[in-house]
Amino acid sequence: MSRMLFDTVDTSGARITNDGYLVAEARVARTGIQLYTAGELGLAGDQQKMIRVFRPPEEVFAADAMASYAHRPITNDHPAEMVTADNWQEKAKGQTGDEVLRDGEFVRVPVMLMDAGAIKDWQNGKRELSMGYTMNLELIDGTTPEGEQYDAVQKDLRMNHLALVSRARGGSKLRLGDKTLEVSNMSEVKLSTVMVDGLSVETTDAGAQAISKLQKEIADAQKDLKVGTETHERELAAKDAELAKKDAMIDELNGKQLSDADIDKLVKNRADLIATAKTIADKDYTGMSADKIKCAAVVAKLGQATVDGKSPEYISARFDILAEDAGKDDVTTVLNGGGPAPAANAVDQAHADMVNRMENAYKGPTMEGTS
């Protein structure tokens with residue numbers, strides 16, 4: 001497959017002409033292995049994966065490849081598209097010569113910068129060179145004669161332009177001019193500075209992108225963890241509140257449990273109430289609540305109209321008055337000799353009723369009409 005890539009070069013013996021142009025001899029390409037990301041090569045999958053691309057000598061120094069270095073436009077940084085007749089006037093800042101030579105592992109070619117802005121950038125330290133070219137890429141694994149492993153091979157190289165850059169992929173030896181200004185041990189790829197846990201780390205563009213991707217994934221994971229933790233805490237808080245509510249209900253029910261003494265008191269109070277009600281109106285009060293017992297006694301004594309529309313407090317007051325009057329009537333009757341003393345309570349009344357039944361049971365039948 002054909003791809004446009006960027007390579008980098010070196011220059012020597014640079015000088016400024018009387019016309020103000022910058023001329024030099026430059027190493028513009030080399031053999032060996034260079035690193036590209038899968039994204040740069042247009043490959044599918046992880047775009048940040050590093051691909052080791054081998055440039056064999058037989059491809060770099062092939063006749064057609066060497067011829068393509070001559071009379072190439074020089075640009076200030078790589079343009080976004082290939083340089084053609086349509087954009088040459090806008091993009092070109094100079095050009096290469098036609099004396100293309102092999103220099104060991106490098107390709108050497110004369111260069112001339114003709115643009116004042118580009119020359120000023122060179123004077124300010126922008127000195128490395130990078131070829132923009134097309135090629136066919138074969139994705140095959142292998143090992144170079146020097147024992148280096150690679151993942152792909154470049155073939156059919158054709159040069160499009162030469163760019164003045166700050167950092168060259170091919171290394172500092174692919175450089176424009178003045179050996180005394182070369183920096184030793186410079187990276188063969190463009191470096192970027194990224195922050196990792198508060199520390200400055202210098203790495204390749206591909207490395208910086210990979211670190212940025214990992215940092216984002218870590219941030220997303222931390223965010224998801226925070227959301228999950230908060231959700232879990234809310235669920236636990238809701239369950240705790242539910243348990244507390246149930247515990248409160250249990251405590252309330254436990255508080256409502258009656259002791260034996262409480263039960264005895266309730267039984268006595270109910271028995272006393274029924275006994276009092278019977279002094280007002282002797283009827284069956286079984287299964288009635290205290291309020292209904294009082295109401296039934298009042299109705300039996302005074303009629304339904306007495307309680308219609310009246311509050312429980314009113315009915316209770318009328319009940320108490322009737323009970324008091326009933327007690328007075330019994331006492332008056334006894335004092336006037338009109339009857340037996342009233343029962344002190346329900347038990348005494350029951351006893352009196354029993355005695356009366358026994359006395360009547362032993363009276364024989366009337367003997368009238370017998371012979």
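The values are calculated or read from the model by the stated rules, or taken from the named source; none is laboratory data. All figures in this text were calculated on a predicted structure; none of them were measured in a lab. Heads up, the Cβs are rebuilt from the backbone with ideal geometry, glycines too, and the neighbour counts pull from every protein chain shown.
For VAL107, indicate whether it is within 25 Å of GLN34 (Cβ to Cβ) and free of Cβ contacts under 8 Å to residues at least 60 places away in the same chain. No: the conditions fail for VAL107. Kindly provide the set of residues from the range 291-305 that are closer than 15 Å to ASN269 by Cβ and either surrounded by 15 or more Cβ atoms within 10 Å (Cβ to Cβ) or under 60 Å from the mean Cα position of the chain (by Cα) (or both), ordered by number. Residues satisfying the conditions are ILE293, LYS294.
When every residue of the range 148-167 is checked against the conditions, at least one turns out to be within 24 Å of ALA63 (Cα to Cα), of a type in the set (S, T, N, Q) and either at pLDDT 90 or above or surrounded by 10 or more Cβ atoms within 10 Å (Cβ to Cβ) (or both).
Would you say ALA297 is in a helix (DSSP H, G or I), more than 30 Å from GLN34 (Cβ to Cβ), small (Gly, Ala, Ser) and not assigned by TED's automatic domain parsing to the domain that holds ASP46? Considered against the rule, which asks whether it is in a helix (DSSP H, G or I), more than 30 Å from GLN34 (Cβ to Cβ), small (Gly, Ala, Ser) and not assigned by TED's automatic domain parsing to the domain that holds ASP46, ALA297 comes out as yes.
Checking the structure you have, find out if any residue of the range 12-25 is closer than 17 Å to GLY132 by Cβ and either at pLDDT 95 or above or buried (at least 17 other Cβ atoms within 10 Å of the Cβ) (or both). The answer is no; no qualifying residue exists. As for the range 274-283, it holds at least one residue that is charged (D, E, K, R) and in contact (Cβ under 8 Å) with a residue 60 or more places away in the chain.
Would you confirm, using the coordinates I've provided, whether ASP308 is modelled with pLDDT of 90 or more, loosely packed, with under 13 Cβ neighbours inside 10 Å and among the acidic types (Asp, Glu)?
yes
Looking across ILE119, ILE211, one residue alone is among the β-branched types (Val, Ile, Thr), modelled with pLDDT under 90 and surrounded by 13 or more Cβ atoms within 10 Å (Cβ to Cβ). It is ILE211. Selection of the range 122-141 for residues being closer than 19 Å to ARG15 by Cβ and either crowded, with 19+ Cβ neighbours inside 10 Å or touching a helix residue (DSSP H, G or I) at 6+ places or on another chain (Cβ under 6 Å) (or both) yields TRP122, ARG127, GLU128, LEU129.
Considering only the range 65-75, I want to know if a residue exists there that is of a type outside the set (Phe, Trp, Tyr), more than 26 Å from ARG15 (Cα to Cα) and in contact with an Asp or Glu (Cβ under 9 Å, 6 or more places away or on another chain). Among the residues of the range 65-75, at least one is of a type outside the set (Phe, Trp, Tyr), more than 26 Å from ARG15 (Cα to Cα) and in contact with an Asp or Glu (Cβ under 9 Å, 6 or more places away or on another chain), which makes the answer yes.
Scanning the range 119-141 for residues that are under 17 Å from VAL83 (Cα atoms) and either free of Cβ contacts under 8 Å to residues at least 60 places away in the same chain or not β-branched (Val, Ile, Thr) (or both) yields a total of 6.
Wholly within the range 32-116, which strands (runs of 3 or more DSSP E) include no fewer than the required count, namely at least 2 residues that are surrounded by fewer than 20 Cβ atoms within 10 Å (Cβ to Cβ) and not assigned by TED's automatic domain parsing to the domain that holds GLY142? Per the criteria, no element qualifies. Looking for something over 30 Å from GLY287 (Cα atoms), hydrophobic (A, V, I, L, M, F, W, C) and under 53 Å from the mean Cα position of the chain (by Cα) - is there at least one such residue anywhere in the range 253-269? Looking through the range 253-269, none of the residues is over 30 Å from GLY287 (Cα atoms), hydrophobic (A, V, I, L, M, F, W, C) and under 53 Å from the mean Cα position of the chain (by Cα). Would you check if there is a residue in the range 234-249 being more than 27 Å from GLU40 (Cβ to Cβ) and modelled with pLDDT under 85? Yes, the conditions are met somewhere in the range 234-249. Each residue in the range 275-294 was checked for being over 17 Å from GLU324 (Cβ atoms) and among the β-branched types (Val, Ile, Thr), and 1 of them qualify.
Scanning the range 126-148 for residues that are outside any strand (DSSP E or B) and either over 18 Å from THR31 (Cβ atoms) or in contact with a Ser or Thr (Cβ under 6 Å, 6 or more places away or on another chain) (or both) yields LYS126, ARG127, LEU139, ASP141.
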